[in-house]
Amino acid sequence: MPEELSDRYSAKDIESRIYSFWEEGEYFKAEETSTKPPYAICLPPPNVTGTLHLGHALDHTIQDVLIRWKRMSGYNTLWQPGTDHAGIATQSVVERELKKENKTRKDLGRDKFVKRVWEWKEEYGGRIVDQMKRLGDSCDWSRLRFTMDEGLSTAVRKVFVTMYEEGLIYRGKKLVNWDPEFETAVSDLEVEHREEKGHLWNIKYPLSNSEDFLVVATTRPETLLGDTAICVHPSDPRYQKYIGQKVKLPLTDREIEVIADDFVEKDFGSGVVKVTPAHDFTDYEVGKRHDLDFLNILNTNGTLNENTGTYQGLSVKEARKKVIADLEEQGLLVKEEPYKITTPICQRSGAVIEPYLSSQWFVAIDKMATPARHVVESGTITFEPELWTKTYLHWMNNIQDWCISRQLWWGHRIPAWYCEDCTEISVSETTPEQCKHCGSSSISQDEDVLDTWFSSALWPFSTLGWPEKTEALKTFYPTNVLVTGHDIIFFWVARMIMDGLHFLKDVPFRKVFIHGIIRDSQGRKMSKSVGNTVDPLQIIETHGADALRFTLMAQISGGRDLKFSEQRLEGYRNFINKIWNATRFSLNALGDFKPTTPPSKNDLSLSDKWITYKLGEVEQTVDDALNNYRFSDAAQSLYSFVWHDFCDWYLEFIKPIIYGEDSTNKNATQYVLVTVLNRICRLLHPFIPFVTEEIYQKLPNKTEACVAADYPTKYNDKDFLEFGSEQAAEDLDLVRDVIAAIRNIRGENRIKPGVEIQARLAPNDGEIQKVLGNNKTFILQLAKVSECEIGEAGDLSKCAVTPVQVSHGKVDVIVPLEGLVDFDEEIKRLEKTIEKTQKEIRGIDGRLQNKNFVSNAPDEVVEESKENLHQLKSRLQSLQESLTRFR
């Protein structure tokens with residue numbers, strides 16, 4: 001007797017136990033040398049400070065489905081795990097901890113603070129890994145890496161020094177995003193742009209040589225202290241005579257020039273704009289074009305500096321208030337009006353980001369960008385969906401030099417040393433004893449650390465042991481696919497491609513799969529402020545990891561965003577319960593059966609041949625879908641096969657055989673039953689690994705583990721699939737559809753299950769009649785009808801009629817309703833439903849007649865509307881026919 005399953009499926013009871021079983025069996029380990037073809041995915045390293053969020057769950061589940069599928073398909077798989085040191089994020093966490101102790105990092109000093117961060121990492125850095133395991137991630141944990149471990153740090157220094165010596169890294173003074181709270185440059189990805197209510201101030205700039213003045217509109221009046229020009233459009237007739245003249249800069253004793261540049265929008269404000277090259281990214285470019293002065297008015301902490309006279313020491317907010325008051329007092333403020341502004345905020349500190357001119361380290365990106373463009377243009381790397389190719393190439397064609405230095409203490413410290421004697425810079429992979437240029441020992445290391453993305457860009461090869469020429473590097477580089485969101489195509493994907501090509505002369509991956517973001521059930525972006533975020537760990541706790549995984553995978557389609565709802569989650573949890581209960585029935589039906597020798601095909605029932613044929617179809621569909629990254633197609637086809645074909649129909653069809661006396665037929669059906677259940681476990685395993693492994697271990701025809709079993713395809717499952725029959729599939733599909741039609745008639749007419757009904761079947765083809773006659777017992781039992789006549793349609797008045805179409809004809813399913821329903825009430829209901837349906841048809845038809853809707857709406861929305869209209873018209877015809885019969 002096979003091992004029994006518990007009465008109810010409980011994810012809590014099995015998930016940790018099953019994961020331990022996998023780890024103890026070392027099923028996730030990659031082999032550095034193998035005769036199997038390699039298949040590798042690099043896990044985008046989550047921040048060491050992070051906790052698993054719903055975006056992680058989606059990203060990781062896609063990768064885990066791919067890696068489990070390929071592992072079961074005979075590949076030597078490596079899913080390379082790791083975590084990112086996350087410079088500013090981790091430093092801010094530890095600084096908050098220090099704040100509770102009334103200390104700052106400066107109180108500790110650099111060495112002690114970094115030591116404190118390492119201690120925090122050792123204590124808390126493993127949380128995200130444990131959470132990934134709860135989701136079911138099948139990474140090779142023996143290869144777990146951290147972006148600041150010794151090997152990766154060696155790679156970082158090697159890359160920096162090499163690029164510096166090649167002239168690809170340089171130090172320069174440029175405008176950067178500056179966080180005045182942390183006093184560091186930050187990347188664009190760490191800047192959140194918030195739309196807020198602000199103001200537009202109109203300010204007089206008096207001309208130096210007359211009583212005239214020009215009015216300038218600005219949303220940041222305090223920055224006028226850093227103005228070095230005002231600008232008009234060269235073709236604006238209102239201001240051409242002023243070009244080249246000087247104006248007096250309000251609140252200062254400086255004069256600045258009126259210049260012309262076509263970046264000015266004539267209809268913005270007065271058409272005259274101030275130019276502050278050291279504190280605005282657009283103005284910075286204008287300043288370079290016109291050779292303007294770059295006047296910095298800020299200190300690193302965001303207060304105004306010595307270049308601002310009486311405003312020195314004030315915060316930006318305080319300075320703005322004082323500048324406005326002083327302008328008003330001097331009669332230079334024309335007006336103040338409400339205006340929507342976009343404020344850049346640092347995601348980590350919450351501080352307003354300031355464009356700030358400072359000395360930083362940069363990567364000269366142009367030379368590296370050209371080959372990175374070519375590999376995408378040539379198709380060496382492809383994006384899925386393909387539309388992201390254009391986005392990538394657009395970014396690469398407009399790329400700017402990359403600021404790689406950060407004024408933090410946690411991170412890869414820049415391997416550059418400054419000489420106090422000759423002022424030259426020595427760059428080295430190891431700590432030098434003296435200046436490379438003059439031999440002086442008076443050298444000090446650069447205080448800055450590298451942008452986190454600098455080390456992340458090396459991830460596909462640094463994790464494999466580079467710069468050493470390891471076996472792992474030979475086997476698994478380049479990797480096969482990168483799975484990620486569109487928001488980091490430029491920040492991470494492009495940089496990995498550039499570094500991979502530059503240092504290994506090959507791309508880091510062949511395919512980039514870009515998925516959408518998860519929205520709530522109303523299509524809104526999830527955010528804490530809206531209060532619609534979902535905690536995946538809570539979902540795993542209450543519903544299990546498998547339910548969450550399948551909910552996500554069933555919706556991934558063409559890179560589109562997903563809508564997440566509790567209702568859908570519960571639906572897929574019910575799917576897992578359905579599989580569990582079907583397995584309990586199946587194990588009971590198997591009894592002591594041992595599937596040793598395959599039965600003769602002649603001993604198989606029609607339902608056995610039917611389910612085997614359906615299995616072959618779903619194996620083909622899933623194989624095609626997974627090979628083309630159509631995850632929702634694979635998940636939905638498996639859902640339909642398991643829930644409907646296997647659970648709803650096959651298990652019902654075989655009950656007379658299982659409980660019958662014919663042992664030959666019973667053994668044949670038991671063989672098919674256990675084989676199909678075995679295949680279901682293996683097919684579903686990449687999607688819902690925990691429950692499938694648990695069930696698989698109870699089957700009498702199991703191998704060592706489901707995780708290591710072959711993934712079923714029409715090729716490796718050919719012998720068993722030969723039991724299937726297309727004719728049997730067509731015949732039983734007809735019987736199934738007839739039974740479903742009778743059940744639907746009962747439901748639509750609100751006839752209680754216990755009430756006996758009769759049915760007439762009127763086929764228009766002799767073969768159809770023969771099939772129905774041969775399977776009449778199924779119809780009587782499963783449709784719960786007392787009589788079932790097969791022949792002429794007869795009188796259809798007071799009858800419900802449903803046509804069932806098949807490839808070579810149709811059969812009308814007729815159920816007499818006399819004495820079963822109140823016809824007066826049914827007529828009223830039908831008339832009301834007809835009226836409602838007609839109204840819906842008019843609404844959709846009106847939209848489709850609207851040329852603006854058809855030309856502007858997405859193609860899929862237009863097609864969906866057409867399909868809905870077709871279905872509604874078909875339904876209306878059926879309702880009108882029913883009304884005619886009932887009168």
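The values are calculated or read from the model by the stated rules, or taken from the named source; none is laboratory data. These numbers were taken from a predicted model, which means no experiment stands behind them. Because the Cβ atoms are built from the backbone with ideal geometry, glycine has one as well, and the counts that use them run over all protein chains shown. The protein model used for the area step is the full one, side chains on, heavy atoms only, and it has no ligands, DNA or RNA in it. Shrake-Rupley method; radii C 1.70, N 1.55, O 1.52, S 1.80 Å.
Only residues that are in contact with an Asp or Glu (Cβ under 6 Å, 6 or more places away or on another chain), outside any loop (DSSP other than H, G, I, E, B) and closer than 29 Å to Tyr477 by Cβ: list them for segment 10-64, please. Spell out how you get there, then give the answer.
Residues of segment 10-64 in contact with an Asp or Glu (Cβ under 6 Å, 6 or more places away or on another chain): 14, 18, 28-30, 32-33, 45, 47, 60, 64.
Adding the requirement that they be outside any loop (DSSP other than H, G, I, E, B) leaves 14, 18, 47, 60, 64.
Those that are in contact with an Asp or Glu (Cβ under 6 Å, 6 or more places away or on another chain), outside any loop (DSSP other than H, G, I, E, B) and closer than 29 Å to Tyr477 by Cβ: Asn47, His60, Asp64.
Looking for something open to solvent by 40 Å² or more (accessible area, probe 1.4 Å), touching a helix residue (DSSP H, G or I) at 6+ places or on another chain (Cβ under 9 Å) and farther than 26 Å from Arg875 by Cβ - is there at least one such residue anywhere in segment 789-797?
yes
If you scan segment 119-142, which residues turn out to be open to solvent by 80 Å² or more (accessible area, probe 1.4 Å) and either aromatic (Phe, Trp, Tyr) or free of Cβ contacts under 8 Å to residues at least 12 places away in the same chain (or both)?
Correct list: Glu119, Glu122, Glu123, Tyr124, Asp130.
Just the residues that are open to solvent by 40 Å² or more (accessible area, probe 1.4 Å), assigned to a loop (DSSP other than H, G, I, E, B) and among the hydroxyl-bearing types (Ser, Thr, Tyr), please, taken from segment 439-449.
Passing the criteria: Ser441, Ser442.
Provide a single number: the residues in segment 745-795 that are more than 11 Å from Val815 (Cα to Cα) and assigned to a helix (DSSP H, G or I).
19
Among the numbered criteria (1) buried (at least 16 other Cβ atoms within 10 Å of the Cβ); (2) within 29 Å of Asp179 (Cα to Cα); (3) small (Gly, Ala, Ser), which single criterion is violated by Gly271?
Here Gly271 clears every test but (2).
Determine which member of the set Asn856, Asn850 is closer than 23 Å to Arg560 by Cβ and open to solvent by 30 Å² or more (accessible area, probe 1.4 Å). Please lay out each step first, then the result.
Numbers: Asn850 fails: closer than 23 Å to Arg560 by Cβ.
On inspection, the qualifying residue turns out to be Asn856.
Residues being open to solvent by 30 Å² or more (accessible area, probe 1.4 Å) and on the phi < 0 side of the Ramachandran plot: count how many of those fall in segment 304-323.
11
Take segment 680-714 and flag every residue that is under 20 Å from Asp645 (Cβ atoms), of a type in the set (A, V, I, L, M) and part of a helix (DSSP H, G or I).
Correct list: Ile680, Leu683, Leu684, Val691, Ile695.
Taking the residues in segment 698-734 that are touching a helix residue (DSSP H, G or I) at 6+ places or on another chain (Cβ under 7 Å) and hydroxyl-bearing (Ser, Thr, Tyr) as candidates, determine which candidate is nearest to Val811 (Cα to Cα).
Ser725
For (1) under 21 Å from the mean Cα position of the chain (by Cα); (2) free of Cβ contacts under 8 Å to residues at least 24 places away in the same chain, each residue gets a yes or a no:
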position: Pro536; (1), (2): yes, no
position: Gln555; (1), (2): yes, no
position: Lys563; (1), (2): yes, no
position: Leu587; (1), (2): no, no
position: Thr597; (1), (2): no, yes
position: Asn602; (1), (2): no, yes
position: Ser605; (1), (2): no, no
position: Thr612; (1), (2): no, no
position: Gln620; (1), (2): no, no
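Looking only at segment 77-100, count every residue that is part of a helix (DSSP H, G or I) and hydroxyl-bearing (Ser, Thr, Tyr) and tell me the total.
Residues of segment 77-100 that are part of a helix (DSSP H, G or I), as a first pass: 87-100.
The next check asks that each one be hydroxyl-bearing (Ser, Thr, Tyr); those that pass are 90, 92.
Total satisfying the criteria: 2.
Give the residues of segment 101-117 that are surrounded by 14 or more Cβ atoms within 10 Å (Cβ to Cβ), in a helix (DSSP H, G or I) and not β-branched (Val, Ile, Thr), sorted by residue number.
Across segment 101-117, the qualifying residues are Arg105, Leu108, Phe113, Arg116.
Among the residues of segment 579-597, what is the count of those that are open to solvent by 70 Å² or more (accessible area, probe 1.4 Å) and not acidic (Asp, Glu)?
6
Looking at segment 676-712 only, could you name the residues that are of a type in the set (Ser, Thr, Tyr) and open to solvent by 20 Å² or more (accessible area, probe 1.4 Å)?
If we filter segment 676-712 for residues that are of a type in the set (Ser, Thr, Tyr), which is where we start, we get 692, 696, 703, 711.
Hit for segment 676-712 is Thr703, nothing else.
Which residue pairs have Cβ atoms closer than 6 Å, lie 6 or more positions apart in sequence or on different chains, and pair a first residue in segment 502-524 that is over 17 Å from Arg373 (Cβ atoms) and at pLDDT 95 or above with a second residue that is β-branched (Val, Ile, Thr) and open to solvent by 10 Å² or more (accessible area, probe 1.4 Å)?
Lys511/Thr382
Criterion first (open to solvent by 10 Å² or more (accessible area, probe 1.4 Å), more than 42 Å from the chain's Cα centre (by Cα) and touching a residue at least 12 places away in the same chain (Cβ under 8 Å)) does Tyr242 satisfy it?
So Tyr242 fits the description; yes.
Filter segment 297-323 for residues that are in a helix (DSSP H, G or I), more than 46 Å from the chain's Cα centre (by Cα) and not acidic (Asp, Glu) and give the result.
If the condition is that a residue be in a helix (DSSP H, G or I), more than 46 Å from the chain's Cα centre (by Cα) and not acidic (Asp, Glu), then Asn307, Thr308, Gly309, Thr310, Tyr311, Lys322, Val323 are the ones that fit.
Kindly indicate the residue of segment 358-387 that is open to solvent by 20 Å² or more (accessible area, probe 1.4 Å) and part of a loop (DSSP other than H, G, I, E, B) and also farthest from Gly485 (Cα to Cα) among those meeting that condition.
Ala364
Do the conditions hold for Glu257, that is, is it of a type in the set (Asp, Glu), open to solvent by 50 Å² or more (accessible area, probe 1.4 Å) and in a strand (DSSP E or B)?
Yes.
I need the full set of residues from segment 274-291 which are open to solvent by less than 30 Å² (accessible area, probe 1.4 Å), within 17 Å of Val176 (Cα to Cα) and of a type in the set (D, E, K, R), in order please.
Matches in segment 274-291: Asp283 only.
Is there any pair with a first residue in segment 715-735 that is in contact (Cβ under 8 Å) with a residue 60 or more places away in the chain and a second that is assigned to a loop (DSSP other than H, G, I, E, B) whose Cβ atoms are under 7 Å apart and which are 6 or more apart or on different chains, and what are they?
Leu721/Lys714; Phe723/Leu604; Glu730/Ser807
Quick one: which of Pro38, Pro81 is under 25 Å from Phe687 (Cβ atoms) and open to solvent by 10 Å² or more (accessible area, probe 1.4 Å)? Break it down into steps so the answer makes sense when it comes.
On the way: Pro81 fails: open to solvent by 10 Å² or more (accessible area, probe 1.4 Å).
The match here is Pro38.
Go through (1) free of Cβ contacts under 8 Å to residues at least 60 places away in the same chain; (2) open to solvent by 70 Å² or more (accessible area, probe 1.4 Å); (3) part of a loop (DSSP other than H, G, I, E, B); (4) not hydroxyl-bearing (Ser, Thr, Tyr) and name the single condition Phe294 misses.
(1)
If a residue has to be part of a loop (DSSP other than H, G, I, E, B) and charged (D, E, K, R) to count, how many in segment 549-583 make the cut?
Count: 2.
Among the candidates Lys390, Lys436, which residue alone is basic (Lys, Arg), without any contact (Cβ under 8 Å) to a residue 24 or more places away in the chain and assigned to a helix (DSSP H, G or I)? Please lay out each step first, then the result.
Details: Lys436 fails: assigned to a helix (DSSP H, G or I).
Step by step, each of Lys390, Lys436 is checked, and only Lys390 is basic (Lys, Arg), without any contact (Cβ under 8 Å) to a residue 24 or more places away in the chain and assigned to a helix (DSSP H, G or I).
Looking at segment 298-322, I want the residues that are over 19 Å from Leu333 (Cα atoms) and have a partner that is assigned to a helix (DSSP H, G or I) and aromatic (Phe, Trp, Tyr) with Cβ atoms under 6 Å, at least 6 apart or on another chain. Which pairs are those?
Qualifying pairs under 6 Å: Leu304/Tyr311.
Residues being assigned to a loop (DSSP other than H, G, I, E, B) and either small (Gly, Ala, Ser) or open to solvent by 90 Å² or more (accessible area, probe 1.4 Å) (or both): count how many of those fall in segment 245-254.
Of all residues in segment 245-254, those assigned to a loop (DSSP other than H, G, I, E, B) come to 245, 249-254.
Within this subset, residues satisfying the condition of being either small (Gly, Ala, Ser) or open to solvent by 90 Å² or more (accessible area, probe 1.4 Å) (or both) are 253.
Residues flagged as assigned to a loop (DSSP other than H, G, I, E, B) and either small (Gly, Ala, Ser) or open to solvent by 90 Å² or more (accessible area, probe 1.4 Å) (or both) within segment 245-254 amount to 1.
Quick check on Tyr75: is it open to solvent by 30 Å² or more (accessible area, probe 1.4 Å), modelled with pLDDT of 95 or more and more than 21 Å from Val507 (Cα to Cα)?
no
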